[in-house]
Each structure stands twice: as structure tokens, then as C-alpha cells.
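Notes for the one structure printed next.
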Amino acid sequence: MPADPDSTDPAQAVQDVVPATAASLQRGTLWVLVVSNVLGGVAAASGFAVAGLLAESISGSTSMAGLVATSTTLGAAILAVPLAKLARSQGRRTSLTAGYLIAVAGALLSIVAAQIDSLALLLFAGCLFGSGSAANLQSRYAATDAADPKHVASSLSMVVWATTIGVVVGPNLTGVGGSVGASIGVFTLAGPYLFSVVAFALALTTVWFGLRRLQQVTARTTLERQPLAATFRRVMAIPHARLGLLAIASAHAVMVGVMSMTSVHLRHHGASLTIVGFVISGHVAGMYALSPVMGFLADRLGRIPTIAIGLTVLAGSMAVAALAPDDAHGLTALALFLLGLGWSACLVAGSTLLSRSVPDDIRTSAQGLSDLTMGIFASLAGIGAGPILAQLGFHWLAVLCGLLLVPAALLTATTRTVRTTS
């Protein structure tokens, strides 16, 4: 794709500097983003681990337990757009810092909501808290700004991989957070949010100071603002960008729809909390731990073939979940691991395909649109999953989620594969 000399595209800006300097810049940027993503993952997981329990405690109703998770998902989706606009006008450093700062406010308000028993405030705080997830998601695109065009997907996947550490460490701080909170007068279930405050604050400090050099190199004349509707129309007019957007959103919807109900399904059929934890841990490992492998495949085999692999793995996951007996917890664990693996392939390859297929002037807007779309799809899937499980059962939930993959599969099969280095 020819470069516009007045473009704000960070990748082109980095290509204009001395190769050795560009390589050094990318290494430094990647390390900053990995560290901030670990911290952001710890912060998000610490709060998320107790959000449902806190909502149930405040409201006195089990049916309200999922509302905070939904508000956090919606918050991440909605805030993705203004954060992308901020990245476009002020740079990644400012945007990511703002995202983590809003998340700090969300964590603090969650503690306040617990202290005054306000479910409404807790839901509002959840929306702000979702800004941390939005920043973590945006950071995967920031990893491509200074990347060698031949290794764009690998750079992106390394930042996704860093989330593994955060989502493993975060929930394990729950007990300590409760004790620390109780010692200073904070409601026990809200105690883990103290770790969220600290970790999000460290994340924003890391990106603010760590990305200063990248912001200096990638500074360019500000382009005209791009309305979201106009960005959507332009993305949908580009076959590769359209496929990337749909692959990400579809995979995310399927993942959230099934994963959100798996623990309930397992508990209803005799699984212990230990088994539930093992199944969810395997799912998380599939999502994040092997993301560098997906980046390697996307760079070597191509982005569209890797999306096809991801959709195939997701379809296999839904087949196992649909056919496994209710008490076959081992098969459910296999289905959840494959679910995470397929999601990882679609996220890494789809994000790279979308980002590198659109013109420079809408790139950050398209990235924000992608995160908004995946968040909306996931929210709808999460809202619908509960009634489907209650009325039809886990097997039919897997079948219906599997059908969500059909449009993306058809588009993948009909989209021409072009090997590119941009």
C-alpha cells in the first residue's frame, strides 16, 4: 500500500528511521506493552474474580451476579471508540494512559459502591473498569506500530500472550486482597479492587514513560476526524478488512457465549469447584499461552489461512461440547481448551488482517471499530447464553454458538488470499 507523506500511520513513520534505530524502538515498545499488559491483566482479573460475588452480595439476588461482568464488557466496547480517536489524534501513549486512568477510577468507585451498598454505582463503576480491558486490547495494535512488516502478527501475539500472566496471577490475589481490605476497613469482597487500583496505576505509569520515544518518532500531521459510520462503510468495502472484523467478532461471541455458562453447566452436573477451576484454567491457557504460535502461523502461512484454522478449531470445539455427555467433564475441558485456541487464532490473525488491510487514514478508527464490534457481539452472546442454557441446555447452546461461525466461514472461503508484507 503506498504511503501518504502526511500520514499519521506509525508503522510508516518508523520505517522512515534508520533500520537499527527502528529495531531498537520496536524492542523497547514491545517490552513496555508486555509489562503494561501483564499489569493490566492482573488488575482486570483481580476485580473480575469478585465482581459477580460483590453484585450478588449488594443486590441479594443471584440473578444479578452477571450484571457487573456485562457492564464491564459493554464499557470496554463503548470506550474503545473514544480511546481509538485519542490514539489517532494524540498517539498511543496518551490513549493507553487515559484508558488505564479511567480504569483506576472504575476500581475506586467499585470500592465505594461496596461500602455504600449501591448496585447502580457498582454497574457504573464496572463500565469505567472496562476501560482497562479496552486499553489492553488496544495495546495489541500498538505492538504493530513499530513492527517489522514481516513480523507484524508475531509482535501482536506477544502482547496477547502477556495477558496469560495477568489472568493467572489476578484471581489468586483474591484472598490476600480481601484480608488487606478488611484490615483498612474495606468490605472484604471489595478488597481485591485495591490490587486493581495499584496495578492499573502502574500500567499507566509504564506506558506514559515507556512509550515517550515511540510517540516522538511517530508524530505526524493530524488527519481529519473520521466518523465511526464512515469508517464502518470503508472497512466493509475492503474484503480483507471485512473478513478480519467478522472473524474477530464471531470468535469472541462464540467464546463468551459458551465460556460464560460452562461453570454453571459443570456445577449442575456434579463437578467440584476444583474441576471447574481446572476447566477454566485450560480455557485461559488456550486463549493466551499459545498466541505466539498463532502469530507465527499468521506471518508464515498467511492471515486468512490462520483464520480458517481458527474457525475450524472453534467448530470442533462446539462439536465436542454439543456431543459430550453432561457428566463427561474431561470432554468439556477439551472443548473449552479448543475454544480458547480457536479464539486466539482468529483474534491474532483477524486483528493483523484488519489493521494491515485498511488505508492509513482510518487505521486507528478501524481498530477502535473492531474492539467496539467484538464487545457488542460478546455482550449479546453473554446475555442470550443464560436463557438458552436454562431452556435448551448446554448442548444446544454449543450448537447455536457454532452456527454463529457460518458467516465468517463462508466469507473466509470466498475471500482471495494475498500474501503481503505490509
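When the square roots of the Cα gyration tensor eigenvalues are ordered a ≥ b ≥ c, the ratio a/c for the chain is 1.5 or more and a/b does not exceed b/c, which makes its shape oblate.
Each Lys and Arg adds +1 at its Cβ and each Asp and Glu adds -1 at its Cβ; summed about the Cα centre, the range 227-413 shows a dipole of about 360 debye.
With a sphere of radius 10 Å drawn around the Cβ of T352, what net charge do the other residues whose Cβ falls strictly inside it have (Lys, Arg +1; Asp, Glu -1)? Summing Lys/Arg as +1 and Asp/Glu as -1 gives +2. Per residue, the average separation of C-alpha pairs within less than 8 Å and at least 6 apart gives the range 25-120 a relative contact order of 23 percent. Computed over the chain, the per-residue total of -39500 (n - 2.57) for DSSP H runs of n ≥ 4 gives a 222 nm mean residue ellipticity of -27000 deg cm²/dmol, rounded to 500.
The modelled label-to-label distance between A237 and S281, using points 7 Å beyond Cα along the C-beta direction, is 5.1 nm. In the range 227-413, Cα pairs under 8 Å separated by at least six residues give a relative contact order of 40 percent.
Only Cα pairs under 8 Å and 6+ residues apart enter the sum, and on that basis the relative contact order of the chain stands at 24 percent. Taking the square roots of 5 times each eigenvalue of the Cα gyration tensor of the range 227-413, largest first, gives ellipsoid semi-axes of 30, 17, 13 Å.
Relative to the current alpha-carbon distance between V264 and S183, full extension at 0.36 nm per residue lengthens the span by 25.9 nm. From the square roots a ≥ b ≥ c of the eigenvalues of the alpha-carbon gyration tensor of the range 149-207, which class results: rounded (a/c under 1.5), prolate (a/b over b/c), or oblate? Here the range 149-207 falls in the prolate category. Scoring 124-133, 202-211 by mean Cβ neighbours within 10 Å over their residues and listing the highest first yields 124-133, 202-211.
Tell me whether the range 26-140 comes out rounded, prolate or oblate; compute the Cα gyration tensor, take square roots of the eigenvalues as a ≥ b ≥ c, and use a/c under 1.5 as the rounded threshold.
Details: a/c = 2.63, a/b = 2.07, b/c = 1.27.
Prolate.
Ordering 52-60, 321-329, 353-361 by mean Cβ neighbour count within 10 Å, with the highest value first, yields 353-361, 52-60, 321-329. Averaging Cα coordinates gives a centre for the range 385-401 and one for the range 76-136; these two points are 31 Å apart. Calculated from the alpha-carbon coordinates, the range 311-422 shows an Rg and a Dmax of 16.4, 52 Å respectively. Between V406 and L323, the FRET efficiency from the beta-carbon distance, with R0 = 25 Å, is close to 0.85. When the chain is described by a simple charge dipole with +1 on each Lys and Arg Cβ and -1 on each Asp and Glu Cβ, the residue from L30, L389, A105 located farthest towards its positive end is L30.
Projecting the Cα positions of S59, A162, G350 onto the charge dipole of the chain (unit charges on Cβ atoms of Lys, Arg, Asp and Glu, taken about the Cα centre) puts G350 furthest along the positive direction.
For the range 33-39, putting each phi into the Karplus relation 6.51 cos²θ - 1.76 cosθ + 1.60 with θ = phi - 60° gives couplings of 5, 5, 5, 5, 6, 4, 5 Hz, in residue order, rounded to whole numbers and with x for Gly and Pro.
The numbers here are math on the coordinates, done by the rules we state, and not lab data. It should be emphasised that the depicted structure is a prediction, and the values quoted were computed from it without experimental measurement. Backbone-built Cβ (ideal geometry, glycine too); neighbour counts: all protein chains shown.
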